[in-house]
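Notes to accompany the following structure.
All of the numbers you see were taken from the coordinates with simple rules; none came from a lab. Here the structure is a predicted model, which means the values were calculated and not measured. Note: ideal-geometry Cβ built from the backbone for every residue, glycine included; neighbour counts use all protein chains shown.
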Amino acid sequence: MSVLKVRNLSKNFGGINAVTDVSLDIEAGEIIGLIGPNGAGKTTFFNLLTGIYTPSSGEIAYNLNHKVTTKDLKPHKITHYGISRTFQNIRLFQNMSVMDNVLIGFHNGLKYGVASALFRLPSYFKSEKDTYEEASQLLDRFNLLDKKDELAKNLPYGDQRRLEIARALAAKPKLLLLDEPAAGMNPKETKELTELIHWIREAFELTIILIEHDMSLVMNICERIFVFDYGNLVANGTPNEIQQNEKVIKAYLGEEAAKC
Ligand code: ATP
């Protein structure tokens, strides 16, 4: 079943064609990689998918929690549609604890109403307790439970990246968009992240699209890869197909492909 259809999507900034006439389909449960040189249009594509940018032309259609098309796409409603994302420049509540960052992620899923929260009715306490328990389990799986009371800003970089993913998952998405999840990680952390992303897909039964420059992660984890260059989608295929694609090797992979 296709969860995302993109048709002839373009975005221009003044004279710059950041994304040009991109069409693609993504099936439920896939792990998809978006690769390409700096400035190829990958983040702009994510920003279009999440309603941050309005397309210059073209269509986006989701089939997740609801059927959603381009005109309905509003950034503040994304979580409601079943989409969560992380950012290239980590966006955490830096002065809040690790636990509070994840609890905020659960906010959309809480089941109590305003009255039970205001008057501290039993349903409020039950829901808060369940949420805390779920957040603890999530942090445990992300190796962050023993740091739950630390401020986010005091965590090492790799931990902050994992915390951002944990928070994104707390919203219970069906589609997870990860923008350079391995950026700044050392090889050991990247290997652990690779296993974690595999586990996330199985445990949460979701679809994942990731932008990544680390070719070992992309080639190990993605079932299909889309290659962007100057805003155009220049290739699409399995990691094997992409690694052997002459156009991609010339334009981008070069030495990176040989390392994997
Ligand atoms: P990187 O791998 O470096 O993150 P990218 O593939 O994500 O690059 P984008 O950030 O999407 O590339 O940028 C694509 C092009 O669009 C670039 O030329 C960039 O300068 C331009 N661009 C992106 N956002 C804007 C904006 N808000 N205003 C003007 N130009 C922009």
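Numbers below:
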quantity	calculated
Signed unit charges on C-beta, dipole axis of region 1-53, positive-most listed residue Ile32, Asn12, Asn47	Asn12
Using a Förster distance of 25 Å, the FRET efficiency for Asn236-His66 (Cβ separation, nearest 0.05)	0.40
In Hz, Karplus ³J(HN,Hα) per residue of region 16-23 (6.51, -1.76, 1.60; θ = phi - 60°; x = Gly, Pro)	8, 8, 6, 9, 10, 6, 8, 10
Qualifying aspartates and glutamates (Cα of each under 16 Å from Cα of Lys250; at least 8 residues distant if same chain)	Asp229, Glu241
Simple spin-label estimate for Lys5 and Asp25 in nanometres, 7 Å along Cα-Cβ	0.8 nm
Per residue convex hull volume, Cα atoms of the chain, in Å³	136 Å³
Amide H partners (placed H, <5 Å) of Val3, local residues excluded	Ile26, Glu27, Ala28
